[in-house]
1. Among the residues of region 124-133, which ones are surrounded by fewer than 17 Cβ atoms within 10 Å (Cβ to Cβ) and in a helix (DSSP H, G or I)?
2. Quick check on region 61-83. Is at least one of its residues closer than 22 Å to residue 22 by Cα and crowded, with 21+ Cβ neighbours inside 10 Å?
3. State which residue pairs qualify: first residue on the phi > 0 side of the Ramachandran plot and in contact (Cβ under 8 Å) with a residue 24 or more places away in the chain and inside region 177-197, second residue surrounded by fewer than 21 Cβ atoms within 10 Å (Cβ to Cβ) and part of a loop (DSSP other than H, G, I, E, B) in any location, beta carbons under 6 Å apart, and separation of 6 or more residues or different chains.
4. Could you check, for region 72-79, whether at least one of its residues is part of a loop (DSSP other than H, G, I, E, B), at pLDDT 95 or above and farther than 23 Å from residue 143 by Cα?
5. Across region 19-47, which residue is nearest to the chain's Cα centre (by Cα) among those that are closer than 22 Å to residue 161 by Cβ and in a loop (DSSP other than H, G, I, E, B)?
6. If I go through region 134-155 residue by residue, how many of them are surrounded by 12 or more Cβ atoms within 10 Å (Cβ to Cβ), outside any loop (DSSP other than H, G, I, E, B) and touching a helix residue (DSSP H, G or I) at 6+ places or on another chain (Cβ under 9 Å)?
7. Of the numbered conditions (1) surrounded by fewer than 19 Cβ atoms within 10 Å (Cβ to Cβ); (2) over 16 Å from residue 157 (Cβ atoms); (3) over 15 Å from the mean Cα position of the chain (by Cα), residue 116 satisfies every one except a single condition; which is it?
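The values are calculated or read from the model by the stated rules, or taken from the named source; none is laboratory data. What you see is a predicted model; the values in this text were computed from it and never measured. Neighbour counts are summed over all protein chains in view; Cβ atoms, including those assigned to glycine, are modelled from backbone coordinates with ideal geometry.
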């Protein structure tokens, strides 16, 4: 099936759009479908990226813990795009099988902190009004302090906002992203929008 990159057309050319596309080309070798969507307001994309970076700049959460959080959040949200990206990232920081288990909701191979963070991610995604002091206490017992708990919860909320925009506006996971993800990660992502057909994927620099 010939799937478009997203429901929106590519944004008009501008220096800010060009800069965002160039960032993708430098880091990934292609322009991400989600970047094309967000570049209808590249200033908002840049601000959102800066806020997320600022949250993690002085955080006590390790890169692997962040990957667990985001992978668990994406899977619980049913967001294939971020699940593929962060499942692959978690596989790099741990191993392919552990990353796939996180995406499937099984966290036995994780550390105590990581298990607690994954469970918290799923709870916040599924029903933030149903969280309890007992669950927060579990995070503390796993070794997280209150600042780290705030950082983790805020990161989950940021990821939910990001996924909501991408999913609602029809941003399909890039075929290049799926191709780079480990096989077990790809097999675990059975939810969300399907990967874009490579034959319909935009090439080159797009409109910017």
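1. Passing the criteria: 126, 128, 129, 130, 133.
2. The answer is yes; a qualifying residue exists.
3. Taking only residues 6 or more apart or on different chains, the pairs are 192/78.
4. The answer is yes, given that some residue of region 72-79 is part of a loop (DSSP other than H, G, I, E, B), at pLDDT 95 or above and farther than 23 Å from residue 143 by Cα.
5. Checked region 19-47; the qualifying residue nearest to the chain's Cα centre (by Cα) is 32.
6. Counting residues in region 134-155 that are surrounded by 12 or more Cβ atoms within 10 Å (Cβ to Cβ), outside any loop (DSSP other than H, G, I, E, B) and touching a helix residue (DSSP H, G or I) at 6+ places or on another chain (Cβ under 9 Å) gives 12.
7. The single condition residue 116 does not satisfy is (1).
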